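Asker: Next up is a structure, given as structure tokens.
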Amino acid sequence: MHRHGFGGLLTDDQWHRLVSSNPPSPFRDGQVLLRQGETGAGVHLVLDGRLRVESVYADGTAAPLAFRSQGEILGESALAGGGLTRNASVTALSTGATVHMLAERFQARLKELGLLPLLWESVFKRQSESDQIRVQLSRLPVERRLPAALVHLAAMLGEPIPAPLTDGPENLGPGWFLEIPLPQQEIGGFAGLSRTSVYNAYTRLKEMGLIRTGRQYVVILDPARLEALALGDEPGRGAVPHS
């Protein structure tokens, strides 16, 4: 499986040597691995599975900020020291496993393997990307937000599908598989859309042959056209309606 984030910067040997430092810690669907407001003492390296990073408000509602999968670091604020509290919760969207290490042990192991520069490269890059996507989505016209959100999630979490995705006259070529549940309320919160807008947008994208959805997945059938819609570069092919 393709590694993302920090793990994507490491060779297979480097990743194996790092994650073999501690035994795996399995998690179940719906389990909260990190809780907003608590003080973090360690970090998780994601071995398998998919997780949602969310901000929880005082009334108990939550807004998704990002999604994570294999290779990512969770809880890196613990590396700053000083007993910082978590500013977001991380909840599992599937079964999976992480390797958990106390911050001091993790940093010592990175130093032994010469991986500290790659750690901070990944942290700064991810922070910049997270800030950028939220700003971009909030400024986009409504009809471009769902395509842009799906393009972003495919880049962060998607698994490539190398084979053609149709047997008809139009060869769509390779696509992307997103094995995460994306309820209308959650993707709406991420993309800044109402539930009705998300429903209409999903419907239109399926009618255009760009995506296929299921209870626990989204398949992007035509990444090039979806990205063109996100960029506003596909006039005449039909805009995604909204309400």
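Asker: Give the residue, chosen from Ile180, Ile187, Ile220, that is under 25 Å from Val53 (Cβ atoms) and at pLDDT 90 or above.
Answerer: Ile220
Asker: Could you list, in sequence order, all residues of region 39-81 that are of a type in the set (Asp, Glu) and in a loop (DSSP other than H, G, I, E, B)?
Answerer: Scanning region 39-81 gives Asp59, Glu72.
Asker: Report, by residue number, each residue of region 102-120 that is within 22 Å of the chain's Cα centre (by Cα) and modelled with pLDDT of 90 or more.
Answerer: Leu118, Leu119
Asker: Next question, about the same structure. Of all residues in region 82-114, which are assigned to a helix (DSSP H, G or I) and either aliphatic (A, V, I, L, M) or under 13 Å from Gly40 (Cα atoms) (or both)?
Answerer: Scanning region 82-114 gives Ala103, Glu104, Ala108, Leu110, Leu113.
Asker: May I pose another question? Kindly indicate whether Thr213 is part of a loop (DSSP other than H, G, I, E, B), more than 15 Å from Ala66 (Cβ to Cβ) and either at pLDDT 90 or above or among the β-branched types (Val, Ile, Thr) (or both).
Answerer: Taking the combined requirement at face value, the residue does not satisfy it.
Asker: Among (1) closer than 25 Å to Asp29 by Cβ; (2) surrounded by fewer than 19 Cβ atoms within 10 Å (Cβ to Cβ), where does Leu93 come up short?
Answerer: Only one criterion in (1) closer than 25 Å to Asp29 by Cβ; (2) surrounded by fewer than 19 Cβ atoms within 10 Å (Cβ to Cβ) is unmet by Leu93, namely (2).
Asker: Quick one: count up the residues across region 36-50 that are at pLDDT 90 or above and under 18 Å from the mean Cα position of the chain (by Cα).
Answerer: 7
The values are calculated or read from the model by the stated rules, or taken from the named source; none is laboratory data. Predicted, not measured: the structure shown is a model, and the values here were computed from it. Neighbour counts run over all protein chains shown; Cβ positions are idealised from the backbone, glycine included.
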